[in-house]
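See structure below.
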Amino acid sequence: MSALSELHKQIAVCQRCELAKYRTNAVPGEGPEDAEIMFIGEAPGWHEDQQGRPFVGPAGKFLDELLATINLKREQVFIANVIKDRPPQNRDPLPAEILACRPWLEQQIELIRPRMIVTLGRYSMAMYFPGKSISKIHGTAQKRDGVIYYAMYHPAAALHQQSLRRSIEEDMLKIPSLLAEARNIVESEPPPQQLNMFEV
Ligand code: SF4
């Protein structure tokens, strides 16, 4: 069994926070273990909790459509959430729950080592762009330690709001050139102090 599968087995029985009491299935995430891009959403919803898979409800279908616009299939990317168990009634995750669950996500990233991390929505954005507002920074990227971090709206928020929908569609289209940039970073591997924040 791979280290990632082993990690996901541990997540499935995790009791670190109250959300363990409510889950039908934990939703660790899924995708290739060597994925170049990792999408990180907020938390599982009802469909995800039932199936133990991320982004399988209407927001997931929309994410699939967005990926198709840049010729990607979900099987080519890793999809995870900040929180691995569904909060009751889909309420917002609590700070203590985010703190308790974060090490799982960090271990996933360590094992997958993606070239690009795309945050979907404000909870995952807050981890990598602390203190920022999603309405201001969506569609912008930061290079840090050889990885490109890119902020987008959550597909669930954008699904029914025309203006957000346009934004998320436009932001998705910037991913291929950012990924090309990320591949260049790995190939040229400049020293970390030369990696500066940039906007697209
Ligand atoms: S939400 Fe995360 S920290 Fe809480 S029980 Fe589930 S896996 Fe563990």
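Run residue 144 past the list (1) more than 16 Å from the ligand (Cβ to nearest atom); (2) within 15 Å of the chain's Cα centre (by Cα) and report the number of the one that doesn't hold.
(2)
For the stretch 43-58, give me each residue that is open to solvent by less than 50 Å² (accessible area, probe 1.4 Å) and modelled with pLDDT of 95 or more.
Pass one, the stretch 43-58, residues open to solvent by less than 50 Å² (accessible area, probe 1.4 Å): 43-45, 48-49, 52, 54-57.
Result: 43, 44, 45, 48, 49, 52, 54, 55, 56.
Of all residues in the stretch 72-123, which are without any contact (Cβ under 8 Å) to a residue 24 or more places away in the chain and among the polar types (S, T, N, Q)?
Listed by number, the list holds a single entry, 89.
Residue-by-condition table, conditions (1) under 15 Å from the mean Cα position of the chain (by Cα); (2) more than 12 Å from the ligand (Cβ to nearest atom); (3) not in a helix (DSSP H, G or I):
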site: 5; (1), (2), (3): no, yes, no
site: 15; (1), (2), (3): no, no, yes
site: 27; (1), (2), (3): yes, no, yes
site: 35; (1), (2), (3): yes, yes, yes
site: 40; (1), (2), (3): yes, yes, yes
site: 54; (1), (2), (3): yes, yes, yes
site: 59; (1), (2), (3): yes, yes, no
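Would you be able to say whether some residue in the stretch 104-123 is under 22 Å from residue 165 (Cα atoms), within 16 Å of the ligand (Cβ to nearest atom) and under 16 Å from the mean Cα position of the chain (by Cα)?
Within the stretch 104-123, one or more residues are under 22 Å from residue 165 (Cα atoms), within 16 Å of the ligand (Cβ to nearest atom) and under 16 Å from the mean Cα position of the chain (by Cα).
The values are calculated or read from the model by the stated rules, or taken from the named source; none is laboratory data. Remember, it's a predicted structure, so these values are computed and weren't measured experimentally. Counting neighbours? That spans all protein chains shown, and the Cβs are built from the backbone with ideal geometry, glycine included. Note: areas computed on protein heavy atoms with side chains; ligands, DNA, RNA excluded. Shrake-Rupley method; radii C 1.70, N 1.55, O 1.52, S 1.80 Å.
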